[in-house]
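The values are calculated or read from the model by the stated rules, or taken from the named source; none is laboratory data. Computed from a prediction, not measured in an experiment: that's the story for all the values here. Here the Cβ positions follow ideal geometry from the backbone for every residue, glycine too, while neighbour counts run over all protein chains shown.
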Amino acid sequence: MKEELRIFFTAMMFYTQLPCPKWVDHNPEYMNKSTRYFPLIGWLVGGLSFLVFWLSNFLFGQEIAIILSLAAGVYITGSFHEDGFADVFDGFGGGWTKSKILDIMKDSRLGTYGVVALIFLFGLKYLALQKVAGNLQSPYLLLLVFITYHALARLTAIQITFTSKYSREDESSKSKPIAKSYSYKEVIGAYVFGLAPLLVLTTIHWQLIVVLVPLILLYLISQRYFNKWLDGYTGDCLGAVEQFAEVITLLTFLVIWKFM
């Protein structure tokens, strides 16, 4: 139990800016094992983002509450995934070879492709969350949606590491390190924590299980695309997939609610 707690806090240390106990360090062994809790970190980020939304909605109204909840998610994760999302657009937008794409993604400067991509990303998130919040009157159901879309997005991204290799041959990176080897415990843990919130949601609206279809397609297309151009993935690639998956999950929920 103590070891599992250490593994969880390792995941929290790498994937968020939340305070961790001082006895948690940058141990590569625990970093690999912490992958099993990556979707569980989505529960944490989604829950805290909802808390900010709920309090802000009471004080300022829905529009401001959505913006503050998005800002809270960015702060909690240190823009970890958004940074990867922007870097991927810069890299693939400006690079035509593997080495050039990797060099651009490694550059800490933000380019036009990345800026434009982030504008559309947050615009879609804002509008999607606005409609989701408008469709759901129950705060408990909305909390479950927040947790679900964050958990599913992280599961979608981490699947790529289970079936592809890390692309950077020198393993150089400007960002936080990522795990590169796994046991069955990491795979099972990721799927359990990634799918559990959705399974709870389907007990209320069974049609929501359909959200897995576009997420599986996103995983397959992303994996093939990154393998084609990079012979694998990087941390930025995972961040980009995670952000795409967040938006796709919210938009799919809206489509399902529209027709059910």
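The table that follows gives values for the structure above.
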quantity	calculated
Only one of ILE119, ILE160, ILE147, ILE101 that is within 25 Å of VAL52 (Cβ to Cβ) and in contact (Cβ under 8 Å) with a residue 60 or more places away in the chain	ILE147
Residue in segment 184-231 that is nearest to TYR166 (Cα to Cα), counting only those that are in contact (Cβ under 8 Å) with a residue 24 or more places away in the chain and not in a helix (DSSP H, G or I)	ASP231
Residue match in segment 18-35 (condition: at pLDDT below 95, under 20 Å from the mean Cα position of the chain (by Cα) and outside any helix (DSSP H, G or I))	yes
Residue check for GLY84: in contact (Cβ under 8 Å) with a residue 12 or more places away in the chain and touching a Cys at 6+ places or on another chain (Cβ under 8 Å)	yes
Residue satisfying all of: in segment 176-192; out of contact with any Pro (no Cβ under 7 Å at 6 or more places or on another chain) and crowded, with 17+ Cβ neighbours inside 10 Å; modelled with the highest pLDDT among these	GLY189
Among (1) under 24 Å from VAL187 (Cβ atoms); (2) in contact with a Lys or Arg (Cβ under 8 Å, 6 or more places away or on another chain); (3) part of a helix (DSSP H, G or I) - the single one LEU44 does not satisfy	(2)
Selection count, segment 134-156, where residues are among the polar types (S, T, N, Q) and farther than 28 Å from GLY239 by Cβ	3
Yes/no for GLY134 being at pLDDT below 95 and more than 30 Å from ASN57 (Cα to Cα)	no
LEU110 being among the hydrophobic types (A, V, I, L, M, F, W, C), within 25 Å of PHE89 (Cβ to Cβ) and not in a helix (DSSP H, G or I)	yes
Filter result for GLY73 (at pLDDT 95 or above, in a helix (DSSP H, G or I), of a type in the set (Gly, Ala, Ser) and under 17 Å from SER167 (Cβ atoms))	no
Residue list for segment 15-60, restricted to those being of a type in the set (Lys, Arg), farther than 18 Å from ALA196 by Cβ and surrounded by 20 or more Cβ atoms within 10 Å (Cβ to Cβ)	LYS33
Boolean, ALA117 is under 19 Å from GLN243 (Cα atoms) and surrounded by fewer than 18 Cβ atoms within 10 Å (Cβ to Cβ)	no
Test: residue in segment 202-212 that is farther than 17 Å from ILE248 by Cβ, surrounded by 13 or more Cβ atoms within 10 Å (Cβ to Cβ) and touching a helix residue (DSSP H, G or I) at 6+ places or on another chain (Cβ under 6 Å)	yes
Some residue of segment 81-102 being closer than 21 Å to PHE244 by Cβ and among the polar types (S, T, N, Q)	no
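For (1) at pLDDT below 95; (2) of a type outside the set (Ser, Thr, Tyr), each residue gets a yes or a no:
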site: ALA65; (1), (2): no, yes
site: SER69; (1), (2): no, no
site: HIS81; (1), (2): no, yes
site: ASP87; (1), (2): no, yes
site: PHE92; (1), (2): no, yes
site: ASP107; (1), (2): yes, yes
